[in-house]
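Below you'll find the structure, written out as structure tokens, and then a few comments.
The values are calculated or read from the model by the stated rules, or taken from the named source; none is laboratory data. These figures come from a predicted structure and were not determined experimentally. Because the Cβ atoms are built from the backbone with ideal geometry, glycine has one as well, and the counts that use them run over all protein chains shown. Accessible surface areas use protein heavy atoms only, side chains included; no ligands, DNA or RNA. Shrake-Rupley method; radii C 1.70, N 1.55, O 1.52, S 1.80 Å.
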Amino acid sequence: MGNCCSDVAGGRAAVGGTAASHHDPASGTAANDAVDLFLKYRGYNGLFTQIELSLSASNLRDMDVLSKSDPIAVVYTKGKDGKLEELGRTEVVLNSLNPAWITKLSITYHFEVVQNLVFYVYDVDTQFQSIPVKTLKLEEQQLIGEASCTLSEIVTKPTHSLTLSLMNRKESSKSNRSSHLGDLTIHAEECIGSKILTEVILRCSDLEYKDLFSRSDPFLVISKIVESGNPIPVCKTEVKKNDLNPKWNSIFLSIQQVGSKDNPLLIECFNFNSNGRHDLLGKVQKSLAELEKLQYNKQGECLFLPTVVGNNYQNKVLKSQLFVEKFSESIHRTFLDYIAGGCELNFMVAIDFTASNGNPRLPDSLHYIDPSGRPNAYQRAILEVGEVLQFYDSDKKFPAWGFGARPIDGPVSHCFNLNGSNYQPEVEGIQGIMMAYTSALYNVSLAGPTLFGPVINNAAVIASQAVATSQQKYFVLLIITDGVITDLQETKDALVKASDLPLSILIVGVGGADFKEMEVLDADKGDRLENYAGRVATRDIVQFVPFRDVQSGEISIVQSLLAELPTQFLTYMWTREAHLDS
């Protein structure tokens, strides 16, 4: 997910252009390919936010004879391999069956990952109560009960609270009936630092000439300095053409991006080159607090350049200066604020049934259903993406379509309901999608060509209906395909039109096809899309990932696909609110 909040708040800027107006959603401008690729080369961070968990319990089973239990709660994260890793422990509450623990446990929330949590509640024996909780041997304590859930299940609740019934698996295995062990309530609170947004306007003076026949074309890259001392890019400005005294548009930085207000930031000024080899014009290292001081005192800071002197580097101070024209802080609604306020993410799927997938009955087909239960690429993409998004959709009724096939006794259809219904595309849950997909393989004939336009337009109709009826919904369409589309311009037209709607489109390319043309649809890898009339997409709504690129890597399909989704969501929500306020 891109971290530059200037893209979110004000639209991206073309080379030498100005940011899109907050009040004109149709005026989106083209992102610059070389700058984006440059940032990706330098580093990458996905969305995360710090969450504090508060725990309480009620009606715990009394484990002591002469007094009430003395409970402690221990929280673990559970990996995909089933391994538990301790997140933290509460304090011991003496003589209580309804404890409200004071100790808060901190966890980093990642939207694109299913984070499994396991909770254990123990009764601490009197002889161990003087021992620090961190050194308590849990195997020496009496287990009251355990519970488990995902972090997404907690944060998607309107109150950010979830109550679970405790169970004891050992007791359950001995008896068919399990007595009531008590209830555990988990409350999640997003740290306030995640909501503070800092707006900064920067300018430079007296930059050096780097171009032969014109002035330099400067842009800024802002990076945070991590513990290792390495810079991690978090934001960039637009490129200012032919300008030695540039003033850039507002950039927006959150505390969660930079770490803290006192964390050092590296601000580098580059001269843009279309080949991606940008010239460093100078740099400066300042924290947000120091930038605020520069603005307050109306002072500039000289840029410097590392220069080789003998065998060492020395910083050459330049006459070029950086000025802070504006510095202001405000609290903005975050992704989780919108979710807690009732906004939902509605999942939709479209599956490629063209003949290039191969005969589904043969093992070399991309649609082959393995009797062993091993999922094919289509099934794996549905399962992994659906596993994350299902928590953000309350009714879990998902529209599911196929395209590029010939239903029995009918012409080729480029958007048909996967469940075989003539009227209703929705199926029940992720397993409903899987069942409809398997059934469709035996009820259609694979054909072609590969067209995306009809499916995208169908999804756009659903999204526009939600807007018209003031529903708090944002739609996510997953398209899984094995081939290069043959309606590229029609697809671009549909995407440009859909960029004004609460809709994001995830595309997974499966098989060995050459997907270079497909990457044009993803603004991360090219200019912002234009329709046949030259209108530019308001925002980037597409994320494309070839399945083979992530199949053997450490990053899963779902992480690659969903990394940008929260930013695309916030781009739409913040821009829409700006229009409503104007």
Find how many whole Å separate the alpha carbon centroid of segment 291-346 from the alpha carbon centroid of segment 378-445.
-> 46 Å
Label assignment, Cα Rg over 2.2 N^0.38 Å derived from the structure, set (i) 1.98; (ii) 1.10; (iii) 1.15 = (ii)
Mind computing the radius of gyration and Dmax over the alpha-carbon atoms of segment 395-460? Å is fine for both.
-> 11.5, 34
Per residue, the convex hull enclosing the alpha carbons of segment 383-537 has a volume in Å³ of 129 Å³
Over 20 Å between Cα atoms, which of Lys210/Lys241; Lys241/Lys492; Lys261/Lys286; Lys224/Lys319; Lys195/Lys240; Lys241/Lys316 qualify?
-> Lys241/Lys492; Lys224/Lys319; Lys195/Lys240; Lys241/Lys316
Å² of accessible area per residue within the chain, as computed with a 1.4 Å probe and no ligands counted | 45 Å²
Label-point separation (nm) for Arg576 and Gln314, each offset 7 Å from Cα along Cα-to-Cβ?
-> 5.8 nm
Heavy-atom accessible area of Asp540 with all protein chains present, probe 1.4 Å, nearest 10 Å²?
-> 20 Å²
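How about segment 249-288: which trypsin sites (Lys or Arg not before Pro) there are in a DSSP loop, with at most 13 other Cβ atoms within 10 Å of their Cβ?
Arg277
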Which length gain, in nm to one decimal place, applies between Val467 and Lys397 when the Cα-Cα distance is subtracted from 0.36 nm times their residue separation?
-> 23.3 nm
When the dipole is taken about the Cα centre of the chain, and only Lys, Arg (+1) and Asp, Glu (-1) are charged at their Cβ, what size is it in debye, to the nearest 20?
-> 640 debye
Name the shape class, rounded, prolate or oblate, that the alpha-carbon gyration tensor gives for segment 337-463, where a ≥ b ≥ c are the square roots of its eigenvalues, rounded holds for a/c under 1.5, and otherwise prolate holds if a/b is larger than b/c and oblate otherwise.
-> oblate
Obtain the nm distance between the two label points defined at Asn95 and Lys261 by a simple spin-label model: each point lies 7 Å from its Cα along the Cα-to-C-beta direction.
-> 4.4 nm
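Which order do Thr126, Thr438, Thr354 take when ranked by solvent-accessible area (1.4 Å probe, heavy atoms of all protein chains), largest first?
Thr126, Thr438, Thr354
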If you take the Cα atoms of segment 275-416, find Rg, then find the Kirkwood Rh from the mean of 1/r over all pairs, what is Rg/Rh?
-> 1.29
Going 7 Å from the Cα of Ile408 toward and past its Cβ, which residues in segment 418-452 have a backbone nitrogen under 13 Å from where you end up?
-> 420-421, 439-445
Please sort by residue number the trypsin sites (Lys or Arg not before Pro) in segment 461-542 whose DSSP state is loop and whose Cβ has at most 13 other Cβ atoms within 10 Å.
-> Lys516
Report the extension gain between Lys298 and Val65 in nm, rounded to one decimal, defined as 0.36 nm multiplied by the number of residues separating them, less their alpha carbon distance.
-> 76.8 nm
Report the full-extension gain for the segment His180 to Asp370: residue separation times 0.36 nm, less the Cα-Cα distance, to one decimal in nm.
-> 64.1 nm
Please identify the longest segment of the chain free of exposed GluC sites (Glu not before Pro), where exposed means a DSSP state other than H, G, I, E or B and no more than 15 other Cβ atoms within 10 Å.
-> 228-516
Can you pull the percent of the chain's accessible area that's carbon plus sulfur, 1.4 Å probe, other chains left in place?
-> 50 percent
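Please give me, ordered by residue number, the trypsin sites (Lys or Arg not before Pro) of segment 303-383 that lie in loop per DSSP and have at most 16 other Cβ atoms within 10 Å.
Details: sites: Lys316, Lys319, Lys326, Arg333, Arg361, Arg380; in loops: Arg333, Arg361.
Answer by residue number: Arg333, Arg361.
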Please report how far the C-alpha centroid of segment 110-153 lies from that of segment 480-494, rounded to the nearest whole angstrom.
-> 50 Å
Value at 222 nm in deg cm²/dmol, rounded to 500, when DSSP H runs of n ≥ 4 in the chain each add -39,500 (n - 2.57) = -6000 deg cm²/dmol
Inter-site label distance for Ser58 and Ile131 at 7 Å from Cα along Cβ, in nm | 3.3 nm
